[in-house]
Amino acid sequence: MRCNIALLGFMGCGKTSVGRRVAQRIGWEFHDTDAIIEKRVGLPIPEIFSRYGEEYFRALETEVLAELATRRHLVLATGGGLPVREKNREILREHFFTVFLRVSFPILFERLRKSTGRPLLKKYPSFSELQALYESRVPYYSRAHVIIDADFLTEEEVAEEIVRRARDCGVLV
Ligand code: S3P
């Protein structure tokens, strides 16, 4: 039974801020895989990547997701790379109502240019490199139960739409 909601999408699409609003609207707990990992390791994400490597981070993502999947009534913001792992997709499929926040790449790039704290922006610094990463992930995000085109919506409008779709799908009564 899918009794949790997970937000999927590329870095900068608004998973954390929208997720908080959704949780507030429906009275569920909000969690963010990145924040849980940072707390568990005691280091910010860029430090985790530079000290222990991306694979270590990815293993923690799966560990955290599996733990959260045993809970009920959570809204979860996932890291942008989380749905790439088969195991994570399996967990999401089974325990979460999934929502892809689709934002066009040029808009994301504009937002991310000003952002710090995301190690993959150093690994893929140019527009075309990051776009290739984005495009490689779209097929995974697109398997979500619901896709919301968020380019021209406010965070509040996106949150409202998610709640509406979750109701329509029987996730919320
Ligand atoms: C990542 C996205 C980040 C974070 C890490 C790796 C990715 O989360 O998990 O830096 O692989 O796209 P956000 O999508 O919340 O920025």
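No value in this document is a laboratory result; all are computed from the given coordinates. Values in this document were obtained by computation on a predicted structure and should not be read as measured data. Because the Cβ atoms are built from the backbone with ideal geometry, glycine has one as well, and the counts that use them run over all protein chains shown.
Pairs of Lys residues in region 5-153 are counted when their Cα atoms are under 19 angstrom apart and they lie 8 or more places apart or on different chains; the count is 4.
Rounded to whole Å, give me the distance from the Cα center of region 25-62 to that of region 80-146. Their Cα centres are 15 Å away from one another. Coupling constants for region 89-106 follow from the phi torsions by the Karplus curve (6.51 cos²θ - 1.76 cosθ + 1.60, θ = phi - 60°), and in residue order they are 5, 4, 4, 4, 4, 7, 10, 10, 7, 9, 10, 8, 8, 8, 10, 4, 4, x Hz; glycine and proline get x. Summary of packing: across the peptides 85-93, 124-132, the per-residue average of other C-beta atoms within 10 Å ranks them, highest first, as 85-93, 124-132. Working from label points 7 Å from Cα in the Cα-to-Cβ sense, the Glu155 to Ser17 distance is 0.5 nm.
The gain in end-to-end length when the Phe127 to Glu67 segment is fully stretched comes to 18.1 nm, 0.36 nm per residue minus the alpha carbon separation. Model label sites at Gln24 and Arg89, defined 7 Å from Cα along the beta-carbon direction, differ in position by 3.4 nm. Between the amide H of Thr98 and those of Ala6, His145, Val146, distances stay under 5 Å, these residues lying 5 or more places away or on another chain, with hydrogens modeled in the peptide plane. Once the C-beta distance of Val41 and Arg113 is scaled by a Förster radius of 35 Å, the resulting FRET efficiency is 0.80 to the nearest 0.05. Peptides 102-109, 41-48, 77-84 ordered by packing proxy, namely the average of other Cβ atoms within 10 Å per residue, highest first: 77-84, 102-109, 41-48. Is the chain rounded, prolate or oblate when judged by the Cα gyration tensor, a ≥ b ≥ c being the square roots of its eigenvalues, rounded requiring a/c under 1.5 and prolate requiring a/b larger than b/c? Oblate.
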